[in-house]
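Peer 1: Before we start, here is the structure in question, set down as structure tokens.
The values are calculated or read from the model by the stated rules, or taken from the named source; none is laboratory data. None of these values were measured; they are calculated from a predicted model. Glycine gets a Cβ as well: all are built from the backbone with ideal geometry, and neighbour counts include every protein chain shown. These area figures cover heavy atoms from the full protein model, side chains too; ligands, DNA and RNA do not enter into them. Shrake-Rupley method; radii C 1.70, N 1.55, O 1.52, S 1.80 Å.
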Amino acid sequence: MKRTIFTIIAALSAFTVLGARDFGDSFDGRTLRLDYILCGDATHQGIFLQQAYIAGEWAGRRTNLQSPLLQGNGQIIIRSLQGEVLYVNSFSNLFLEWQSYEEASRVPKAFECPLWVPFPREKVEVEVLLLNTRRQVSASIKHVIDPEDILIRKMSDNGLSRETLWEAAPLERAYDLVFVSEGYTESEKSKFFSDAERMMRELFAIEPYRSRTDLFNIRAVFSPSLESGVSQPGLGEWKNTAASAHYNTFYEDRYLTTTSLRKIYDIIGTTPAEQIVVIANSSRYGGGGVLNNITLVTSDHKDSGVVFVHEFGHSFAGLADEYDYGDNADPIYPDGIEPWEPNVTTLVDFSSKWQDMLPEGTPIPTPKDEIELTRKVRAEWQTFSKSEQESLNLKVGVYEGAGYRTTGVYRPVQECRMRMNECENFCPVCTRAIIRMINYCTGND
């Protein structure tokens, strides 16, 4: 018998926390990299451990260890052998998105899924859970990690060029982001570091990041590719590049991702990192972002910086897309299930979202402004007055149309950076979600 969503949520929440140990009681300050393979099709999934590594100094959070801020589409849980939860983190993976596509109904596939966790001082049990779109556990694995295991491979300096672009605080008090090169030849090394610095400036130019630069460390690692540029399968172009990124992910032209995650984690090596941003040397529009997994953006499109900030919203803060396609059958946000992303709702559990931010008397759903109904907002955005833009971007309500669906899924404002590139700012709800994640990861909450 299938468990209900409420049973699943209760099970995920029922972590045994006995005294909530400090970080140093359970972990020794190094990073344990666990490489998993996620495999299956639309109806059957499996998880398999491939390899374990010691990957340098731990850059992740040292507080808020026992519960994730967001549920995500997957979770990794470390427990003592007595059952005490020592660490939990949430994540997503392309495999979990691929399952919603038609291809998953007719062919099984496997996807790489490396995960970083703190290195334990004693034997621990590791559990990995995958959740389907109805928030039910669809696959799981449990195994023991012995820190004395001689087959845990110790990584050493890989010799790749790296630069520190911004260092504001010690590892334990900062969020550590690393840029990785893709499709840059050896002669284009300086271009990559320049592109990485430009992307950093794009992030720090917008709130709430701009006023919190003292909580970030940003590094860049250069791995040369044999060919310049990125693979474009739709044009019959396949290139030999460091991270094997390509357009046409899931046969969608502008969806630029990679399934070769182990290559990327090998490139990062022992560099302290919590979040990965791959910069692809391309002038074509494209990109993608996956929670606690990877952000991938292009270097030279006129909107590359804007796209980076949007995609980083996915991978860092777990923000959902707020635009809609008109197809109301998208299975990613099924009826009757509240999404875990903080900026969309199906109204099943709206009290857990931005209900506390609604002005008194706001109708649910909230009618759209006349300008939203009668004007071509994207095309005319720059012609709107400041007050008109602020009304669309700052007036919090419950507006129908989000998460790729025109009905049944709701967003906080009419226009936001998570809805369209033309809108320069995040809305109040997305801003709060980003601040909460920054504070959660850096121990400032």
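Peer 1: Using a Förster radius of 41 Å, what is the FRET efficiency between Thr406 and Arg262 based on their Cβ-Cβ separation? Nearest 0.05, please. Don't skip to the answer; put the middle values down first.
Peer 2: Numbers: r = 39 Å, r/R0 = 0.94.
Step by step, r from the Cβ atoms, then E = 0.60.
Peer 1: Which whole number in µm²/s is D for the range 81-169 by Stokes-Einstein, with the Kirkwood Rh taken over Cα pairs at 10 °C and 1.306 mPa s? Before the final figure, lay out the partial values.
Peer 2: Numbers: Rh = 17.0 Å.
D = 94 µm²/s.
Peer 1: In Å², what does the accessible area per residue of the range 53-165 work out to with a 1.4 Å probe?
Peer 2: Numbers: 4840 Å² over 113 residues.
Here the per-residue accessible area is 43 Å².
Peer 1: To continue, here is another question. Quick one: what do you get for the range 226-333 if you divide its Cα Rg by 2.2 N^0.38 Å? Don't skip to the answer; put the middle values down first.
Peer 2: Details: Rg = 14.2 Å, N = 108, 2.2 N^0.38 = 13.0 Å.
Normalised Cα radius of gyration, the range 226-333: 1.09.
Peer 1: Sticking with this structure for a sec: Could you name the lysines in cross-link range of Lys239, using Cα to Cα under 28 Å and dropping any fewer than eight places away on the same chain?
Peer 2: Within the straight-line limit of under 28 Å, Lys239 reaches these lysines: Lys109, Lys189, Lys191, Lys263, Lys302.
Peer 1: Here's a follow-up. Which trypsin sites (Lys or Arg not before Pro) does the range 102-189 hold that lie in a coil by DSSP with at most 15 other beta carbons within 10 Å?
Peer 2: On the way: sites: Arg106, Lys109, Arg121, Lys123, Arg134, Arg135, Lys142, Arg153, Lys154, Arg162, Arg173, Lys189; in loops: Arg106, Arg121, Lys123, Arg134, Arg135.
Here the trypsin sites (Lys or Arg not before Pro) that fit, given the DSSP loop and packing criteria, are Arg106, Arg121, Lys123, Arg134.
Peer 1: To two decimal places, what compactness ratio does the range 361-445 give when its Cα radius of gyration is scaled by 2.2 N^0.38 Å?
Peer 2: Working: Rg = 14.1 Å, N = 85, 2.2 N^0.38 = 11.9 Å.
Taking the Cα Rg and dividing by 2.2 N^0.38 Å, one obtains 1.18.
Peer 1: Which lysines, on any chain, are close to Lys123 with Cα under 27 Å apart, when same-chain ones fewer than 8 places away are left out?
Peer 2: Within the straight-line cut-off, Lys123 pairs with Lys142, Lys154.
Peer 1: At q = 0.10, 0.11, 0.15, 0.22 Å⁻¹, what base-10 log of I(q)/I(0) does the Debye formula yield for the range 287-436 when every alpha carbon is treated as an equal point scatterer in vacuo?
Peer 2: So the normalised log intensities work out to -0.33, -0.40, -0.77, -1.59.
Peer 1: Are there cysteines in the chain with no second cysteine's Cβ under 4.7 Å away, and if so, which?
Peer 2: So, Cys39, Cys113, Cys423, Cys430, Cys441.
Peer 1: Using the beta-carbon distance between Tyr285 and Asp22 and R0 = 41 Å, what value does 1/(1 + (r/R0)^6) give for FRET efficiency, to the nearest 0.05?
Peer 2: 0.35
Peer 1: How far apart, in nm, are the 7 Å Cα→Cβ label points at Phe204 and Ser352?
Peer 2: Here the modelled spin labels are 3.7 nm apart.
Peer 1: More than 28 angstrom separation, counting every C-alpha pair in the range 67-216; what % is that? Mind showing how you got there, number by number?
Peer 2: On the way: 4951 of 11175 pairs.
Summing the P(r) tail past 28 Å for the range 67-216 gives 44 percent.
Peer 1: Report, in cubic angstrom per residue, the convex hull volume of the C-alpha atoms of the chain.
Peer 2: Values: hull volume 66.9 nm³, N = 445.
It is 150 Å³ per residue.
Peer 1: Scan the range 204-268 for GluC sites (Glu not before Pro) in coil per DSSP, keeping those whose Cβ has at most 10 other Cβ atoms within 10 Å, and list them by number. Please report the intermediate quantities before stating the final value.
Peer 2: Numbers: sites: Glu227, Glu237, Glu252; in loops: Glu227, Glu252.
Within the range 204-268, no GluC sites (Glu not before Pro) qualify (loop, at most 10 other Cβ atoms within 10 Å).
Peer 1: To continue, here is another question. How high is the relative contact order of the chain? Use alpha-carbon pairs under 8 Å, at least six apart in sequence, and give a whole percent.
Peer 2: Details: 999 pairs, mean separation 64.0, N = 445.
Reported relative contact order: 14 percent.
Peer 1: How far, in nm, would the chain grow between Asn421 and Asn64 when pulled straight, counting 0.36 nm per residue and subtracting the alpha carbon separation?
Peer 2: Length difference between fully extended and current span is 125.2 nm.
Peer 1: Right, another one. For the range 122-169, run through the GluC sites (Glu not before Pro) and keep only the ones in DSSP coil with at most 11 other Cβ atoms within 10 Å of their Cβ. Mind showing how you got there, number by number?
Peer 2: Working: sites: Glu122, Glu125, Glu127, Glu148, Glu163, Glu167; in loops: Glu122, Glu148.
Loop-located and lightly packed - Glu148.
Peer 1: What accessible area per residue, rounded to a whole number of Å², is obtained for the range 294-382 using a probe radius of 1.4 Å?
Peer 2: Values: 3990 Å² over 89 residues.
Solvent-accessible surface per residue comes out at 45 Å².
Peer 1: Considering the convex hull of the alpha carbon atoms of the range 162-280, report its projected area averaged over all viewing directions, in nm², one decimal. Display every interim value, and only then the final one.
Peer 2: Numbers: hull surface 31.2 nm².
About 7.8 nm², averaged over all directions.
Peer 1: Among Gly83, Gly60, Gly40, whose mean-square fluctuation peaks in a Gaussian network model of the chain (Cα, cutoff 10 Å)?
Peer 2: Of the options given, Gly83 has the highest mean-square fluctuation.
Peer 1: Can you give me the % of accessible surface on the range 95-155 that is carbon or sulfur? Probe 1.4 Å, all protein chains present, nothing else counted.
Peer 2: Numbers: 1400 of 3030 Å².
Carbon-and-sulfur percentage of accessible area, whole number: 46.
Peer 1: Next question. Could you compute the FRET efficiency for Phe48 and Glu197, with r as their C-beta to C-beta distance and R0 at 45 Å, rounded to 0.05? Show your work: numbers first, answer last.
Peer 2: Values: r = 39 Å, r/R0 = 0.87.
Once rounded, the FRET efficiency stands at 0.70.
Peer 1: Report the extension gain between Ser228 and Arg121 in nm, rounded to one decimal, defined as 0.36 nm multiplied by the number of residues separating them, less their alpha carbon distance. Working shown, then result.
Peer 2: Details: separation 107, 0.36 × 107 = 38.52 nm, distance 4.36 nm.
Length gained, Ser228 through Arg121: 34.2 nm.
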